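Structure first, then comments.
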Amino acid sequence: MNKSCIIAIIVTLVLPLPSSVKSEDRTRIRIVVFLNGDARWFLSEEIDLPTPEDRDAFDNYTKILELNKEALLSDFSTMIQNLVIRASNLTGREMTAVQFDMKTMVVGINCEVGVIEYSFLWTNFSRIDGRLMTLGDVFQGGFYMYENDTLVISYPQELRLIVASPPPDSNLTNEVVWRGRRDFGPGEPKMVLEDRRTSLILFLSRTELATDEELTISGQLSPPLGGEPITLTISGPSGAREISLITLQDGSFHLSLTLDEPGEWEFLVSYPGSGTYLGCKSELGKVYVREGFVRYLLRSPFVLAIIIFAVLLSSFWLVWSFRKRKRAIGAELLATDYEMVEAVLRKAGGAMLQSGIRSETGFSGAKLSRILKEMEQSGKIRRERKGREMVVFLLKRQ
């Protein structure tokens with residue numbers, strides 16, 4: 001398919017201009033691309049109308065076109081459909097041409113330009129591969145533009161331009177423009193567009209849980225963009241709060257938490273977007289939280305009283321057990337002290353100064369005096385004073 005075919009169609013369909021209109025006409029092709037790959041084509045002839053006579057002549061001319069509109073549209077649709085069938089065979093994509101229309105108008109501040117416009121919808125005009133859309137494979141036979149021709153291709157803001165070949169004369173916001181004279185190569189003009197839309201999927205590990213149970217929140221940002229900021233909004237019975245997260249390298253995110261208040265909770269994840277990609281929000285997730293067993297016990301006065309009583313009873317038992325054990329350990333240690341004193345006396349032949357026993361055992365004076373007193377009362381030793389010293393005698397057991 002080539003441009004000269006399109007120009008020929010317009011020249012064939014548009015009736016000869018009145019001889020009174022002397023201005024040179026211009027051809028303008030505008031292709032409006034949609035997200036689904038379809039494209040609306042507008043083929044127009046623009047005629048300058050600098051004088052009132054030109055405007056009157058054009059007005060009379062449009063009346064003639066209106067009288068012949070049905071026949072003109074029939075011829076136009078037949079020719080375009082033949083071109084679309086050829087393009088479909090070349091690309092291997094099923095295509096159709098529908099919604100044909102023709103209208104005339106006068107534009108400009110002072111109504112100085114007359115326009116005759118034909119339009120139609122070309123379905124499946126673009127090739128879509130995942131997130132990429134490619135335009136231009138229908139022009140496999142090349143594309144030619146004359147001196148006063150203009151080609152405009154516009155696309156929605158949800159797409160961004162990656163490649164335009166050959167470089168356009170103007171690259172505006174969501175629109176590129178080529179002006180004649182130009183002779184495009186096979187498959188040109190060509191454009192590659194990327195889908196800027198994103199999506200967020202939110203996963204909740206539970207739809208119902210208790211206040212003392214853990215909830216795992218995870219999700220996926222598509223396309224898989226890593227290191228992007230997202231916001232988790234959590235709304236509970238007493239209000240809402242936000243948690244800032246960063247997506248992992250594969251675009252996923254994960255979070256575990258507990259919800260401390262019974263009732264219905266709602267979760268929403270949002271992505272603010274970037275210079276390249278648009279923002280998005282997930283669907284609303286809901287979780288019902290019931291009161292946990294521990295929380296229920298703590299909130300019940302009767303159960304709380306039982307717990308306090310049990311704690312106090314356990315404390316008393318622990319104190320009593322500790323003291324009993326301490327006394328047992330003390331008695332065991334004391335018996336060991338007696339044996340140590342007896343061993344020292346036997347080693348000394350059954351008698352020894354009290355100061356010597358203190359040196360051998362390492363006991364303090366007070367502790368040794370207490371031990372010797374108890375041993376003397378039990379009949380194990382006998383003490384006698386000699387001068388300023390006390391002599392301790394080990395008594396033989398009966």
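The values are calculated or read from the model by the stated rules, or taken from the named source; none is laboratory data. Here the structure is a predicted model, which is why all the values come from computation and not from measurement. Here Cβ is always computed from backbone atoms with ideal geometry, including for glycine, and neighbour counts include all displayed protein chains.
Grab the strands (runs of 3 or more DSSP E) fully contained in segment 95-140, keeping just those with 3 or more residues being at pLDDT below 95.
Strands (runs of 3 or more DSSP E) meeting the threshold: 96-107, 113-123.
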>> Quick check on segment 108-128. Is at least one of its residues in contact (Cβ under 8 Å) with a residue 24 or more places away in the chain, under 16 Å from G37 (Cβ atoms) and exposed (fewer than 13 other Cβ atoms within 10 Å of the Cβ)?
In response: no
> Which residue out of S126, S154, S119 is polar (S, T, N, Q) and under 27 Å from S74 (Cβ atoms)?
Replying inline: S119
> How about segment 358-391: which of its residues are in a helix (DSSP H, G or I) and not hydrophobic (A, V, I, L, M, F, W, C)?
Replying inline: R358, S359, E360, T361, G365, K367, S369, R370, K373, E374, E376, Q377
> Which ones in segment 83-97 are more than 15 Å from N36 (Cα to Cα) and out of contact with any Phe, Trp or Tyr (no Cβ under 7 Å at 6 or more places or on another chain)?
Replying inline: L83, I85, R86, A87, S88, N89, L90, T91, G92
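Just a yes or no: is a residue in segment 44-52 assigned by TED's automatic domain parsing to the domain that holds D129 and under 47 Å from the mean Cα position of the chain (by Cα)?
In the first step, residues of segment 44-52 are kept if they are assigned by TED's automatic domain parsing to the domain that holds D129; the result is 44-52.
Right, trim to under 47 Å from the mean Cα position of the chain (by Cα) and you get 44.
Yes, because at least one residue in segment 44-52 is assigned by TED's automatic domain parsing to the domain that holds D129 and under 47 Å from the mean Cα position of the chain (by Cα).
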> Hey, L73 hits all of (1) surrounded by fewer than 19 Cβ atoms within 10 Å (Cβ to Cβ); (2) modelled with pLDDT of 95 or more; (3) not in a loop (DSSP other than H, G, I, E, B) but one; which does it fall short on?
Replying inline: (2)
> So P168 clears everything in (1) free of Cβ contacts under 8 Å to residues at least 24 places away in the same chain; (2) surrounded by fewer than 16 Cβ atoms within 10 Å (Cβ to Cβ); (3) not acidic (D, E); (4) not in a strand (DSSP E or B) except one condition, right? Which one?
Replying inline: (2)
> Say we look at segment 1-54 and pick out the residues that are at pLDDT below 85 and among the small types (G, A, S); which of these is nearest to E117 (Cα to Cα)?
Replying inline: A8
> Among the residues of segment 334-356, is any modelled with pLDDT under 70, more than 30 Å from G251 (Cα to Cα) and among the polar types (S, T, N, Q)?
Replying inline: no
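Would segment 210-220 turn up any residue that is hydroxyl-bearing (S, T, Y) and modelled with pLDDT under 95?
yes
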> Looking at segment 141-159, which of its residues are aromatic (F, W, Y) and assigned to a loop (DSSP other than H, G, I, E, B)?
Replying inline: Y146, Y155
> So which residues in segment 173-213 are in a strand (DSSP E or B), among the charged types (D, E, K, R) and in contact (Cβ under 8 Å) with a residue 24 or more places away in the chain?
Replying inline: R179, R182, D183, K190, E194, D195, E208
>> Of everything in segment 221-251, what is of a type in the set (A, V, I, L, M, F, W, C), surrounded by 13 or more Cβ atoms within 10 Å (Cβ to Cβ), out of contact with any Ser or Thr (no Cβ under 9 Å at 6 or more places or on another chain) and part of a strand (DSSP E or B)? Give them in sequence order.
In response: I234
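If you check E213 against the conditions, is it surrounded by fewer than 17 Cβ atoms within 10 Å (Cβ to Cβ) and outside the structural domain of S44 (by TED's automatic domain parsing)?
In short, yes.
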> Between residues in segment 70-82 that are closer than 18 Å to E94 by Cα and residues that are surrounded by 13 or more Cβ atoms within 10 Å (Cβ to Cβ) and not basic (K, R), which pairs lie under 6 Å by C-beta distance while being six or more apart or on different chains?
Replying inline: S77/F100; M79/I9; I80/A97; I80/F120; Q81/A97
